[in-house]
């Protein structure tokens, strides 16, 4: 099962290395990892998406909590969250295909952020299902390059 962990850490050099090292030493794969400063510049938030059963996640959470720089670990997998990814995708776009590509981009409420002679760069945000649907829809035109952030997530409401 995929789990989303929200980890608050001290905003210091080397913290990311300690956290990711904990996973690699135990042979756990991180599917997605995003780090950013929070509203408090002394604290960073790491959003991790990892594959594992409840026992694995419990063990990893305990290990994370032992790290000096870790402030708090939350498994937000079963919580109501807002989750987004950012996708930049360069798609082949001959003049004959541009109109159809632009319609797809419009349907998904994406943006074209660069126009080249034979390509377009599309920017999209959304949950994983939306991002995968956009990629699938544009693949027939020829994807030249693709980069996607990992998931960022936060709890909905007042929690």
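The values are calculated or read from the model by the stated rules, or taken from the named source; none is laboratory data. A quick note: this is a predicted structure, and the numbers were derived from the prediction, not measured. Every residue, glycine as well, gets a Cβ built from its backbone with ideal geometry; the counts of neighbours run over all protein chains shown.
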**Prompt:** Is it the case that some residue within the range 148-155 is touching a strand residue (DSSP E or B) at 6+ places or on another chain (Cβ under 8 Å) and within 12 Å of residue 90 (Cα to Cα)?
**Reply:** yes
**Request:** Could you identify the single residue in 94, 114, 127 that is in contact with a strand residue (DSSP E or B) (Cβ under 7 Å, 6 or more places away or on another chain), surrounded by fewer than 14 Cβ atoms within 10 Å (Cβ to Cβ) and not assigned by TED's automatic domain parsing to the domain that holds residue 18?
**Result:** 114
**Item:** Residue under evaluation residue 73, criteria (1) surrounded by fewer than 14 Cβ atoms within 10 Å (Cβ to Cβ); (2) within 23 Å of residue 36 (Cα to Cα); (3) at pLDDT 90 or above, criterion not met
**Value:** (1)
**Message:** Quick check on my filter: what residues within the range 114-128 are more than 12 Å from residue 90 (Cβ to Cβ) and modelled with pLDDT of 95 or more?
**Reply:** 124, 125, 126
**Asked** Taking the stated definitions as given, is residue 133 modelled with pLDDT of 95 or more and touching a strand residue (DSSP E or B) at 6+ places or on another chain (Cβ under 7 Å)?
**Response** no
**Message:** Being in contact (Cβ under 8 Å) with a residue 40 or more places away in the chain, over 17 Å from the mean Cα position of the chain (by Cα) and closer than 18 Å to residue 31 by Cβ is true for just one of 87, 64, 146, 138. Which residue is that?
**Reply:** 64
**Message:** Suppose the filter is in contact with a strand residue (DSSP E or B) (Cβ under 6 Å, 6 or more places away or on another chain) and farther than 27 Å from residue 157 by Cβ; does residue 64 pass it?
**Reply:** no
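Let's see how each residue does on (1) assigned to a strand (DSSP E or B); (2) touching a residue at least 60 places away in the same chain (Cβ under 8 Å); (3) surrounded by 14 or more Cβ atoms within 10 Å (Cβ to Cβ); (4) at negative phi:
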residue: 12; (1), (2), (3), (4): no, no, no, yes
residue: 17; (1), (2), (3), (4): no, no, no, yes
residue: 22; (1), (2), (3), (4): no, no, yes, yes
residue: 33; (1), (2), (3), (4): yes, yes, yes, yes
residue: 47; (1), (2), (3), (4): yes, yes, yes, yes
residue: 55; (1), (2), (3), (4): no, no, no, yes
